[in-house]
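Here the structure is laid out as structure tokens; the discussion comes afterwards.
Where a number appears in this text, it was derived from the coordinates with a stated rule and is not lab data. If you're wondering where the values come from, they're calculated on a predicted model, not measured in any experiment. No Cβ is skipped: glycine too gets one built from the backbone with ideal geometry, and neighbour counts run over all protein chains shown.
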Amino acid sequence: MADKANKVPENVPGKFYVDTQCIDCNLCRDTAPENFRQNESAGYAFVSRQPTGNGEDGQCEEAKESCPVEAIGDDGV
């Protein structure tokens, strides 16, 4: 389960976030490419843009549910 206290610093403010458990598996970027990006040098993903419609909320939710280490959280904002 993702922990709000351990969010990676690049996350943009809003409902979804990635925490420090991320193993940079690429699943979230494949599932919601408009919303997740990679910090290549540190080896983790982050939320680069919160969902804005066009199915993006569902894609982010799918990424959260599919994350193998549960590093994606939802503040419910």
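Is it the case that some residue within segment 36-45 is of a type outside the set (Ser, Thr, Tyr) and in contact with a Gly (Cβ under 7 Å, 6 or more places away or on another chain)? No, segment 36-45 contains no residue that is of a type outside the set (Ser, Thr, Tyr) and in contact with a Gly (Cβ under 7 Å, 6 or more places away or on another chain).
Kindly provide the set of residues from segment 16-31 that are assigned to a strand (DSSP E or B) and of a type in the set (Ser, Thr, Tyr), ordered by number. Of everything in segment 16-31, just one residue is assigned to a strand (DSSP E or B) and of a type in the set (Ser, Thr, Tyr), namely Tyr17. I'm told Cys67 meets every condition in (1) touching a Cys at 6+ places or on another chain (Cβ under 8 Å); (2) of a type outside the set (Val, Ile, Thr); (3) without any contact (Cβ under 8 Å) to a residue 40 or more places away in the chain except one. Can you identify the failing condition by its number? Going through (1) touching a Cys at 6+ places or on another chain (Cβ under 8 Å); (2) of a type outside the set (Val, Ile, Thr); (3) without any contact (Cβ under 8 Å) to a residue 40 or more places away in the chain one by one, Cys67 breaks only (3).
Checking the structure you have, find out if any residue of segment 2-14 is touching a residue at least 60 places away in the same chain (Cβ under 8 Å) and part of a strand (DSSP E or B). For segment 2-14, residues touching a residue at least 60 places away in the same chain (Cβ under 8 Å) and part of a strand (DSSP E or B): present. The single condition among (1) part of a strand (DSSP E or B); (2) surrounded by fewer than 19 Cβ atoms within 10 Å (Cβ to Cβ) that Val69 does not meet is (1). Scan segment 32-66 for residues that are in a helix (DSSP H, G or I) and among the hydrophobic types (A, V, I, L, M, F, W, C) and the total you get is 2.
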